[in-house]
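Chemist: Supplied in structure tokens, the structure appears directly below.
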Amino acid sequence: MIDYISSLNDPQREAVTHGNGPLMIIAGAGSGKTRVLTYRIAYLIENGVDPFRILSLTFTNKAAGEMRHRIEKVVGSEARNIWMGTFHSVFAKILRIEARAIGYTSNFSIYDTDDSKSLLRSIIKEMGLDDKVYRANSVFSRISAAKNRLIGPEDYLANPVIKADDESARMPEVGRIYKEYARRCFAANAMDFDDLLFNTNVLFRDHLDILNKYQHKFQHVMVDEFQDTNVSQYLITRKLAAVHQNICVVGDDAQSIYAFRGANIENILNFQRDYGKDAVKIVKLEQNYRSTKHIVEAANSVIARNRNQLEKHVFTDNSEGALIDVIKASSDNEEGRLVAQAIFEAKMQEGLRNNDFAILYRTNAQSRAFEEALRKLSIKYRIIGGLSFYQRKEIKDLIAYLRFTVNQQDEEAFKRIINLPKRGIGDTTVAKISVLASEKSVPIWEIVGNVSQHIAGRASIAIEGFADLIKSFNLLIDKKDAYEVSAHIAKASGLLKDLYEDKTVEGLARYENVQELLNAIKEFVDNPENDDKSLSAFLQTVSLLTTADEKEDDGDNDKVTLMTIHAAKGLEFKNVHIVGLEEELFPSQMMLESRNDLEEERRLFYVAITRAERRLTMSYAESRYHYGRLKMCEPSRFLMEVDQRHLKMARTHTERSGYGATRQDAREGRAIPDRDRNEMPTAGSMSFVRSLAQKTARTQSPQPAVAHTPSAGFVPSDTSNLAAGMKVEHTKFGFGTVKSMDINGTERKAVIQFDTAGEKTLLLSFAKLRIV
Ligand code: ATP
Ligand code: MG
């Protein structure tokens, strides 16, 4: 057994071994919050608490899986019995058990955001509203915000403040849309993501016997990433912990990054008030175990600029580490190349693996340039978020079949599959069925199952055929496991055949994807950790995957991770690249309007910095394509907010190049400090980012890339950011201009037109070149 207690520092141990009563751990990034939570659960089980009576809420299902794994190492297989997962997955499970109490049945569907938006579009159309004014996205986010504040449709319609707000947004009918949306979800026996929390609150509010059952059941409630819980989530935990008062929350106010989803930092402040100031035990963890001194201090210097924060002093005893590199690129594509190159070199020089690296960006759309560049260098990567496996059309199609087999009231699944494969049932017929169901206030299936009474002609026969098919599928779900049913449906529905007949490359890929989904279902069924092997149980798991729970396509884990900073919360990587540090991108243009927004954006930057263990690189481009137009960019204000002592305008592939001086310094003959990494900076190296910013703001640099150049000498390996158009100097051939680059695996060549020596092709690993 692992002696985990001795691996903790004093305040960590205090938190782990705390007995009963509310406990709040408010601590800095990388200070062991998640570790404490994990070991606290292990400790409780060791001390006789029944794992079935522990509820632990995490940010992703993957995080829950990892935690469970660690706890298992201490207490053995009993760890499987802990109630652990995201808020959504845990409460979906409870809602399934208690569904009848709130008028649902336990096989309810979970609508993903696409389903929700598609339903909203139908409603907006049916209500005769202008879909350019009532965009599904905006309506959806208004409804979602209301649900997360526990405002139902009736309250929404009656609230004058909301009414005024909708009117000023020129969408006065959102309340009515919301009401119809809620009715239709209910009629479809479906809940959207927000409903899972909203309805849990309703369940606990209206059914005290049920609340009571769970209040007594859960002797201990734990919440990781507490700073990002919203009102709806907070209330659920408060209700559940009301009897035993054993609630342990861990969080970091400096990492609160979900205000836009209704997360409420006030929760941290309310905790003491709600559980009683004297009753709450507060533990502060300030020692960071994750990162080097440069990284921790850089993060501190950034977050110190926020006004709204609890006082903490995060420090580390880890080594000083390397300075933070700053890469400047002329364009987004060049940024991609430079970052891929830096990863390539760091792998070689530091003996790292692909999975030691992460590229973090503000928005998913930024991934493209990095993907291309990584692919060129044959570096494997994975993208978390973006268009995930489960968002692909063919996967959603089969899942819709599975959903409709389990729940024939599911309107969105119905719309997706009724004419798939083609059965000659047109949109008008489908709309007619929807409208009929709506008018009669009956589920869609009432119409579909008795179609001849409602619709005449050929369409009616086709629909009858469809209804018979679904009935035959439905008969299987209690007799066979999820895999057997799904494999049968994939075949008998005609979906597989349809894909098989498409012999294009894309068609083949789609066919393989569906096979891959079937493999995943088989895995689910074979996994001994899943007691319930029904189709319904599988669907629930799939519906609640978060972006960070992505399915691996090929099971190979050694890949560079590309993801948004939001998705990176709680994770750590040896080397981290924060990319796209430009004004209006990061901080995002949408977050520049108020101090609160800007502070949230800064917290996001703080989260990004603190993901890095050993090396951090920040980069920005001077131009990038945005909505199809080339846009000039300025470096992000955040770059300037980092205490410049920790930065180096360079790419550090050789230690010798790390002098932190700018080209400008060199050109103007300023003394270049030959400083050691441990020394304080000299005035000459200060504020170079700022000076660059001014320069970029004035004009676009005439040369495509201005990264760090070695302050002296010709260092062969310092040309890794060489690109076409750059001016160089060679020891023998003199000055010249790079015409083109040829990167082939590890071998890099440059074709250079020298002013006097003519054109030469040079192997860069040997060429004695420097960028001028
Ligand atoms: P975040 O704020 O990013 O969520 P966190 O506070 O949850 O971070 P952890 O992820 O628990 O921090 O820990 C950060 C790293 O430090 C982990 O690799 C963890 O194993 C390590 N660590 C934490 N405490 C100790 C300790 N006492 N001794 C050694 N390593 C530790
Ligand atoms: Mg954590």
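Bear in mind these aren't lab numbers, they're just calculated from the coordinates by the rules spelled out. Model, not experiment: these values are computed from the prediction. Virtual Cβ from ideal backbone geometry, glycine too; neighbours counted across all protein chains shown.
Chemist: Measure up 491/522; 376/727; 422/479 against 22 Å on the Cα-Cα distance and list the ones that go over.
Modeler: The answer is 376/727; 422/479.
Chemist: Would you mind ranking 471, 749 so that the residue whose beta carbon has the fewest other beta carbons within 10 Å leads the list?
Modeler: 471, 749
Chemist: Then there is this: Are there any GluC sites (Glu not before Pro) in the stretch 499-598 that are in a DSSP loop and have at most 14 other Cβ atoms within 10 Å? List them by number.
Modeler: In loop regions of the stretch 499-598 (DSSP not H, G, I, E or B), the sparsely surrounded GluC sites (Glu not before Pro) are 529, 552, 593.
Chemist: If you don't mind, there's one more thing I want to ask. For a protection proxy built on the mean count of beta-carbon atoms within 10 angstrom, sort 611-619, 6-14 highest first, please.
Modeler: 611-619, 6-14
Chemist: Also: Nearest 10 degrees is fine. How inclined is helix 427-440 to the longest principal axis of the chain, computing both from alpha carbons?
Modeler: 60
Chemist: Can you tell me what the convex hull of the Cα atoms of the stretch 478-523 projects to on average, as an area in nm²?
Modeler: 3.0
Chemist: Which parts of the stretch 569-606 would a label at residue 626 reach, counting a residue when its backbone N lies under 11 Å from a point 7 Å out along Cα-to-Cβ?
Modeler: Output list for this probe position: 582-590.
Chemist: Mind jotting down the three principal axis lengths of the stretch 3-155 based on Cα atoms? Whole angstrom, largest first.
Modeler: 67, 36, 27
Chemist: What is the sum of charges around residue 318, taking Lys and Arg as +1, Asp and Glu as -1, for the other residues whose C-beta is under 12 Å from the C-beta of residue 318?
Modeler: Surrounding charge for residue 318 is -1.
Chemist: Here is a further query. For every other residue with a beta carbon closer than 9 angstrom to the beta carbon of residue 147, add +1 if it is Lys or Arg and -1 if Asp or Glu, then tell me the sum.
Modeler: -2
Chemist: Per DSSP H run of at least 4 residues, take -39500 (n - 2.57); add these up for the chain, divide by its residues and hand me the 222 nm value, nearest 500 deg cm²/dmol.
Modeler: -13000 deg cm²/dmol
Chemist: If you take the beta carbon distance between residue 501 and residue 558 as r and set R0 to 35 Å, what does 1/(1 + (r/R0)^6) give as a FRET efficiency, to the nearest 0.05?
Modeler: Efficiency for this residue pair is about 0.45.
Chemist: For the stretch 276-333, what is the per residue volume of the convex hull drawn over the alpha-carbon atoms, in cubic angstrom?
Modeler: Roughly 159 Å³ of hull volume per residue.
Chemist: Taking the Cα centre of the stretch 258-340 as origin, work out the dipole magnitude from +1 charges on Lys and Arg Cβ and -1 charges on Asp and Glu Cβ, in debye rounded to 20.
Modeler: Around 320 debye, computed over the stretch 258-340.
Chemist: What pairs in 179/440; 147/217; 380/768; 732/760; 62/533 have C-alpha atoms more than 22 Å from each other?
Modeler: Table pairs above 22 Å Cα-Cα are 147/217; 380/768.
Chemist: Another question, then. For the chain, restrict the atom set to alpha-carbon positions and state the Rg and Dmax in Å.
Modeler: Every Cα atom of the chain included, Rg and Dmax give 28.9, 91 Å.
Chemist: Counting other beta carbons within 10 Å of each Cβ, put 636, 106, 543 in order, fewest first.
Modeler: 106, 543, 636
Chemist: Could you pull out the trypsin sites (Lys or Arg not before Pro) across the stretch 388-440 that fall in loop regions by DSSP (anything but H, G, I, E, B) with no more than 11 other Cβ atoms inside 10 Å?
Modeler: Answer by residue number: 422.
Chemist: If the cut-off is a Cα-Cα distance under 14 Å, which aspartates and glutamates reach residue 631, setting aside same-chain residues fewer than 8 apart in sequence?
Modeler: Excluding near neighbours in sequence, the set is 332, 582, 583, 584, 622.
Chemist: Per the Cauchy relation, a quarter of the hull surface: what is the mean projected area of the convex hull of the alpha carbons in the stretch 463-620, in nm²?
Modeler: Directional mean of the projected Cα hull area for the stretch 463-620 stands at 14.7 nm².
Chemist: Can you sort 648, 503, 480, 73 from fewest to most other Cβ atoms within 10 Å of each residue's own Cβ?
Modeler: 503, 73, 480, 648
Chemist: How much length is gained if the chain between residue 121 and residue 422 is pulled fully straight, taking 0.36 nm per residue apart and subtracting their Cα-Cα distance, in nm to one decimal?
Modeler: The span from residue 121 to residue 422 would gain 106.1 nm if fully extended.
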